[in-house]
Amino acid sequence: MELTDETLGREHNRPAARKGMGAPRVAPELTPDTPAEERLEAVWADPKGFIGWFRSLQNDALGSRIMITAFSFFLLAGLMALLMRVQLISAENTFLDPNVYNGLFTMHGSTMMFLFAVPMLEGFAIYLLPLLLGNREMPFPRLGVFSFFTFAMGGLLFFSSFLFSAVPNTGWFAYVPLSGPIFSPGLALDFWLLGLGVAEIGAIAAGVEIIIAIMVMRAPGMTLSRMPLLAWAFLVTAFMILFAFMTLLVGSLLLELDRKFGFHFFDPTAGGSPLLWQHLFWVFGHPEVYIQFLPATGMVSMIIPVFVRRPIAGYPYIVMAIVATGFLSFALWVHHMFSTGLPQVALTLFSAASIMVAIPAGVQIFSWLATIWDGKPVWKTPFLYVMGFFFVFILGGITGVMVGVVPFDWQVHDSYFVVAHFHYVLIGGVTFPILAALSYWLPKFTGKLLDERLGKIAFWLSFIGINVTFFPMHIVGLLGMPRRVYTYEPNLGWDIYNQVSTVGSFLFAAGVLLFVFNVFYSVRRGRPAGNNPWGADSLEWATTSPPPNYGFAELPNVRSRHPLWEQKDVFEEEGATNRLLEGLAGWPLTWRAALTTSPVDARPREVFRVAGPSIWPFIAAVGLILIFAAEIFSRRDLVISGAVIMIVALIGWHWPYRVPTTEKELQFEREHKVLVWPNGSPTVNRWAMSLLILLLAIALGDLLFSYFYLRLEHNVWPPDNIGPPNLLLPGIATVLVIVAAAAMRWAHARIQRDDMRGLRIGAALAFVSGAAALGLLVYDFQQLPFDHTLNAYTSIFFLLGGFLMLLLVVGLGQNLYAQVVSWVGRYSAREHVAVDLNAMYWVAAVVMWLVTAAVLYVAPYFI
Amino acid sequence: MYFMLAYLAVEVACRLGWLQFSVGGTNGITVTVIGLTLAAVGVLAVSLLIGVGRWRRLRREQASKKDTELGNTDLFLAQVGVLLDLIFIFLLLATGAPALILRPCAWN
């Protein structure tokens with residue numbers, strides 16, 4: 001069917017849409033005769049009322065909240081940008097004083113990077129992924145709630161710095177020594193480090209959810225080769241989030257330890273290195289750009305085919321480009337440090353890599369161009385934003401290649417040319433695709449079409465506005481205007497460019513405000529969207545707009561990359577899989593059932609219970625915020641209170657309310673050859689544990705990088721005649737840790753044979769052994785002839801020692817939980833996931849322990 | 001890993017004066033960087049050869065209609081793997097080659 005103004009809003013794929021029919025959103029009275037869809041709605045509906053809001057966890061509600069919060073931060077950051085542009089409209093303007101200006105550019109940059117772009121894209125992921133992948137929920141809805149509240153409250157904590165007149169003012173990168181204890185002694189930098197630190201934890205939590213959802217919760221038949229490109233982009237991005245945000249958290253920890261606890265990681269007078277902060281920050285900071293850009297390209301890859309009415313060209317090449325960009329983005333961080341003084345060989349390594357990243361970006365662009373070239377474009381608002389993305393992002397990409405060239409970078413470093421470059425990249429490459437995506441998916445989210453006329457006017461205002469704002473910055477940058485100056489002298493030839501930029505910024509603001517108005521207006525008065533107003537090809541359009549709480553009553557069965565275009569009916573396939581899906585549509589109707597599938601070929605594996613509404617994730621988030629907020633003011637009593645709240649909340653969150661497996665469930669297993677887990681999926685839990693281990697390994701990698709980087713600052717290691725560390729007690733502790741891991745593995749093997757006594761003995765032995773190792777380590781540190789405040793070596797020594805202790809504390813906590821549950825008698829050969837996870841963890845802990853101990857205790861004898 | 005190791009090797013050599021050996025008139029830093037580059041390229045080349053072999057086998061199977069749904073997915077993954085190997089081999093050669101002509105510890 002042609003997509004015209006007349007056909008817009010009509011369902012382009014009625015047969016496919018019918019089985020996802022939404023039930024009323026009000027929970028009905030349930031009787032045995034109540035239709036299955038109404039009973040599903042009752043099971044999946046969020047609780048009502050004020051307290052219910054804090055307990056609710058449906059992916060659509062949660063995704064909407066994250067997006068609305070992130071967009072609100074975007075508007076706040078935009079307001080700050082306007083204030084800065086007013087200040088710069090004329091030379092020697094006194095509209096803002098320098099300190100306020102410094103605070104504004106810091107808050108603007110930090111908000112856009114941490115509180116808008118990444119959360120916005122994660123909000124999209126949480127809302128869309130279950131629909132896009134053809135499932136009912138995200139794997140850990142409670143983790144999603146925790147992620148939302150940590151993000152939102154972290155953002156509020158960050159902005160509360162205004163209330164204390166302690167606004168961070170060192171730029172969004174917080175370079176030391178400016179951000180260190182000597183030059184920023186007040187609270188401002190603590191608001192930056194700790195406020196954003198909480199939000200970063202929220203981002204990581206969402207990243208974990210996204211990975212697991214994509215890997216094991218796709219609809220049957222949605223093999224990796226049929227997965228929507230947006231899902232590919234989210235998958236790669238989520239892994240990048242784990243690597244990048246964990247690195248920033250480690251960097252932030254080091255800086256906070258320097259600022260408040262007398263450590264010396266970045267203090268050159270005690271053997272520390274300010275450049276170490278730059279390394280840690282940019283190992284996060286550069287991939288951060290791609291963390292925003294890749295999902296945006298995924299959105300573009302979803303939108304273009306729909307509006308040119310043909311499948312995407314070069315699907316495998318785009319997947320390759322997404323994966324390659326993900327890897328490459330971690331090889332470019334030093335290009336932000338070209339002017340810090342590096343050997344030539346190091347410069348060329350990173351210069352070449354920076355230029356090369358244009359290759360995968362180019363592959364995507366040419367694939368999109370080929371798709372458009374071969375199609376028949378329909379110039380609706382989402383497509384206009386995509387075209388705006390092309391124009392603006394490509395200009396930003398070209399100047400990106402320019403600044404990848406070392407001599408050119410030296411010339412324009414810290415000038416307005418760089419400001420122009422990254423705004424072209426981030427507005428073109430991220431904001432425009434987000435606006436395109438909102439225009440495209442809002443009909444699905446709200447059930448209403450956006451007003452096309454208003455949408456087009458908003459686009460043109462934005463498009464003209466950003467070019468008028470940022471293009472002159474290239475020129476004024478080449479003329480020598482530096483970044484981050486609150487004013488400039490007259491007669492330098494900069495005035496006219498700044499005046500034009502300021503006018504442009506208000507045009508852009510008008511475009512954004514008109515977009516917001518259009519959303520409100522259309523939600524109230526827009527035309528009904530129908531299930532599939534654009535005639536799109538992906539699964540989210542196969543259910544109602546807005547979708548019901550359960551997403552799909554009967555899950556789709558995928559046989560194509562473009563199921564709504566190429567399958568006659570995504571719900572009506574033949575075979576065993578379809579019998580399973582039909583069975584799942586009618587059973588179970590008393591608990592929240594979702595499906596896991598195999599990671600590569602998406603074969604059905606498990607039906608499992610998804611966690612239901614709970615207040616505990618919110619309370620855990622409150623505890624975490626209290627820890628971070630109290631630390632800003634050095635109120636350690638409140639820090640401890642926050643920790644207690646969090647521990648209690650985590651216990652409540654994970655309390656094992658076991659439901660015995662019923663005969664009906666076993667019958668379903670036998671009939672459909674899938675496992676049924678009414679207490680949660682072992683597969684999903686194993687993935688979660690693997691990702692936790694990965695996060696710890698990333699943190700360890702960052703600490704080891706820091707260790708060796710600090711080593712570079714010294715000719716003798718350990719410095720200050722400290723001498724290499726004693727090996728005896730750490731050696732005994734190492735043996736004990738290995739024994740603990742072996743005992744836990746043995747305990748796991750016993751419970752697999754239904755030997756509860758063996759489990760209890762093994763777990764207890766593991767606990768005793770691990771606790772003894774922890775005690776020995778603590779004792780060894782107490783006997784050291786130095787403390788962490790002596791120099792950079794002792795600082796990193798204590799921190800790595802703390803990491804070893806953390807490994808043990810986490811393992812012992814899990815072990816204790818498993819032991820308690822074993823004594824309550826709730827494990828069996830069939831269900832013992834906590835034991836399984838604990839055994840996994842201890843093996844990983846041994847590996848990390850050995851690496852860390854080798855560096856900490858043995859390496860000083862050799863390097 | 002390659003970038004991290006190559007970067008740290010250069011920094012170690014230039015800041016602490018390590019790797020001051022010479023192989024056939026080529027200094028130790030250049031040898032180390034080129035060695036790391038070749039090692040990384042070697043690993044990718046092996047992966048490429050395996051990937052190409054697998055890709056061709058899967059294509060033959062598909063042509064002879066032995067393919068399954070999983071076969072299509074494997075073919076897709078093999079293709080993406082080969083493309084990734086190619087792009088990274090090109091990248092590594094382009095990033096490592098300048099070490100042959102630059103004075104390694106000349107600072108900017």
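The values are calculated or read from the model by the stated rules, or taken from the named source; none is laboratory data. Note that the structure is predicted; figures quoted are calculated from it, not measured. Glycine also receives a Cβ, built like all others from the backbone with ideal geometry; neighbour counts cover every protein chain displayed. Side chains included, ligands, DNA and RNA excluded: accessible areas come from the protein's heavy atoms. Shrake-Rupley method; radii C 1.70, N 1.55, O 1.52, S 1.80 Å.
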Members of the range A:304-323 that become less accessible by 30 Å² or more once partner protein chains are added (1.4 angstrom probe, chain alone as reference): A:PRO316, A:TYR317, A:MET320
All-pairs Cα distance distribution in the range A:296-431, expressed in whole percent, bin size 10 Å: 12, 38, 30, 15, 4, 0
Carbon and sulfur %, accessible surface of the protein assembly as shown computed with the full protein complex present, 1.4 Å: 67
Buried on assembly, the range B:1-27 (at least 20 Å² less accessible surface than by itself, 1.4 Å probe): B:PHE3, B:MET4, B:TYR7, B:LEU8, B:VAL10, B:GLU11, B:ARG15, B:LEU16, B:TRP18
Averaged over A:296-302, number of beta-carbon atoms from partner chains that fall within 10 Å: 0
Fully extended contour minus Cα-Cα distance, from A:SER560 to A:ARG658, at 0.36 nm per residue: 31.4 nm
Förster-model FRET efficiency, 22 Å R0, A:ASP97 and A:LEU479, C-beta, rounded to 0.05: 0.30
Under Karplus coefficients 6.51, -1.76 and 1.60, residue-wise ³J(HN,Hα) of the range A:453-458 in Hz, glycine/proline x: 5, 4, x, 5, 4, 4
Efficiency of FRET from Cβ geometry, A:THR340 and B:ARG57, R₀ 56 Å, rounded to 0.05: 0.70
Heavy atoms of B:LEU19: accessible area, 1.4 Å probe, square angstrom to 10: 60
Dipole magnitude of the range A:181-324, debye to nearest 20 (Cβ charges: Lys/Arg +1, Asp/Glu -1, about Cα centre): 740
Mean separation of Cα contacts under 8 Å (6+ apart) over length of chain B, as relative contact order %: 32
Antiparallel bridges, percent of DSSP beta bridges restricted to the protein assembly as shown (to nearest 5): 70
Unit charges on C-beta of K, R, D, E only; dipole of the range A:646-686, Debye: 120
Förster-model FRET efficiency, 41 Å R0, A:GLU669 and A:ASP374, C-beta, rounded to 0.05: 0.30
Unit Cα scatterers, Debye sum, the range A:560-718: log10 I(q)/I(0) for q = 0.20 Å⁻¹: -1.26
Members of the range B:71-108 that become less accessible by 50 Å² or more once partner protein chains are added (1.4 angstrom probe, chain alone as reference): B:THR73, B:PHE76, B:LEU83, B:LEU84, B:ILE87, B:PHE88, B:LEU91, B:THR95, B:LEU102, B:TRP107, B:ASN108
Accessible area buried at the A-B interface, both sides summed, 1.4 Å probe (Å², nearest 100): 3800
Whole-percent pair-distance distribution, where bins are 5 Å wide, for the alpha carbons of the range A:805-845: 6, 26, 30, 21, 12, 5, 1
Hz values of 3J(HN,Hα) by residue in the range A:82-94 - Karplus curve (6.51, -1.76, 1.60), Gly and Pro given as x: 4, 4, 5, 5, 5, 4, 8, 5, 9, 5, 6, 6, 10
Coordinate range along principal axes, alpha carbons of the range A:470-596, Å, largest first: 78, 34, 31
Angstrom value of the Kirkwood radius, inverse mean 1/r, which spans all Cα pairs in the range A:391-476: 14.3
Average accessible surface area per residue within the range A:67-184, 1.4 Å rolling probe, Å²: 30
³J(HN,Hα) computed for each position of the range A:788-793 - Karplus, 6.51 cos²θ - 1.76 cosθ + 1.60, integer Hz, glycine/proline x: 5, 8, 5, 6, 5, 4
Convex hull volume per residue in cubic angstrom - Cα atoms of the range B:6-45: 54
Percentage of interatomic Cα-Cα distances in chain B larger than 23 Å: 45
Trypsin sites (Lys or Arg not before Pro) within the range A:537-594, DSSP loop, no more than 10 other Cβ atoms inside 10 Å: A:LYS568
Whole-Å distance, taken between Cα centres, linking the range A:209-275 and the range A:777-823: 23
The range A:636-793 - Rg (one decimal) and Dmax (whole number), Cα, Å: 22.6, 72
Square roots of 5 times each gyration tensor eigenvalue, C-alpha, the range A:161-233, largest first, Å: 42, 12, 9
Å² per residue, accessible surface of the range A:307-408 at 1.4 Å: 31
Accessible area per residue in Å² at 1.4 Å probe, computed on the range A:616-740: 46
Mean residue ellipticity (222 nm) of the protein assembly as shown, computed from DSSP H runs ≥ 4 via -39,500 (n - 2.57), nearest 500: -22000 deg cm²/dmol
Centroid-to-centroid separation of the range B:1-40 and the range A:702-757 [C-alpha atoms, Å]: 29
Separation of the A:ALA576 and A:ILE398 label points, Cα + 7 Å toward Cβ, nm: 5.7
Rg and Dmax of chain A, Cα atoms only, in Å: 27.7, 86
